[in-house]
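The structure appears below as structure tokens.
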Amino acid sequence: MNLEKLFNMQRQLNERIIREHQLEGQDLLAEQILALEVELGELANETRCFKYWSNKPPADRHIILEEYVDGLHFILSLGIVLKFEDVQLQEKRYDSEISLVNVFQRVFDLITKLSENQSDESFIELFTTYLLLGEQLGFTHEDIEQAYFEKNEVNHKRQDEGY
């Protein structure tokens, strides 16, 4: 995954949003953290992994992937704001014994940890675990990257339309 390219694309989108919404000089960290938490909840909702009371299947793969990259947009934004763009992510593989619910809970915990302790270690752990979540959802880095490019284009178009 070309993280440098993803960070650059996200920076361009962030700068556009800040400029067009007159947000220069504002600290948006709390808003970005909450946005990530909301997007993570939306992703969990589409997977339905926690809905033990329901027989309804998960959303289609492309919907889950789109929700996943929505969260990735905010993780990249946090990396930019906190100046962690040059981090080296850990090479880990997900443990198939760990349930999807537990991985979601871990990501939520790591978002809180980053909010409380804005260190590069906290960011790396969050980002690495989020990528593991994507892997557990069945997405390759290529899937994620392509979906990110497509959603980034949609986000720019939304700005064009006064979203």
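So the values come out like this:
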{"item": "Long-range neighbours under 8 Å by Cβ, at least six apart or interchain, first residue of a type in the set (Lys, Arg) within the range 2-29, second at pLDDT 90 or above and surrounded by 14 or more Cβ atoms within 10 Å (Cβ to Cβ)", "result": "Arg11/Ile80"}
{"item": "Test: residue in the range 101-118 that is of a type in the set (Asp, Glu) and modelled with pLDDT under 95", "result": "no"}
{"item": "Residue within the range 83-98 that is among the aliphatic types (A, V, I, L, M) and either part of a helix (DSSP H, G or I) or surrounded by 20 or more Cβ atoms within 10 Å (Cβ to Cβ) (or both) present", "result": "no"}
{"item": "Residue match in the range 36-45 (condition: among the polar types (S, T, N, Q), within 24 Å of Leu100 (Cβ to Cβ), at pLDDT 95 or above and surrounded by 14 or more Cβ atoms within 10 Å (Cβ to Cβ))", "result": "yes"}
{"item": "Total residues in the range 17-32, condition surrounded by 12 or more Cβ atoms within 10 Å (Cβ to Cβ), at pLDDT 90 or above and of a type in the set (Asp, Glu)", "result": "1"}
{"item": "Number of the exception - Phe139 against (1) crowded, with 16+ Cβ neighbours inside 10 Å; (2) closer than 17 Å to Leu36 by Cα", "result": "(2)"}
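The values are calculated or read from the model by the stated rules, or taken from the named source; none is laboratory data. Computed from a predicted structure; not experimentally measured. Positions of Cβ are backbone-derived with ideal geometry, glycine not excepted, and every protein chain shown enters the neighbour counts.
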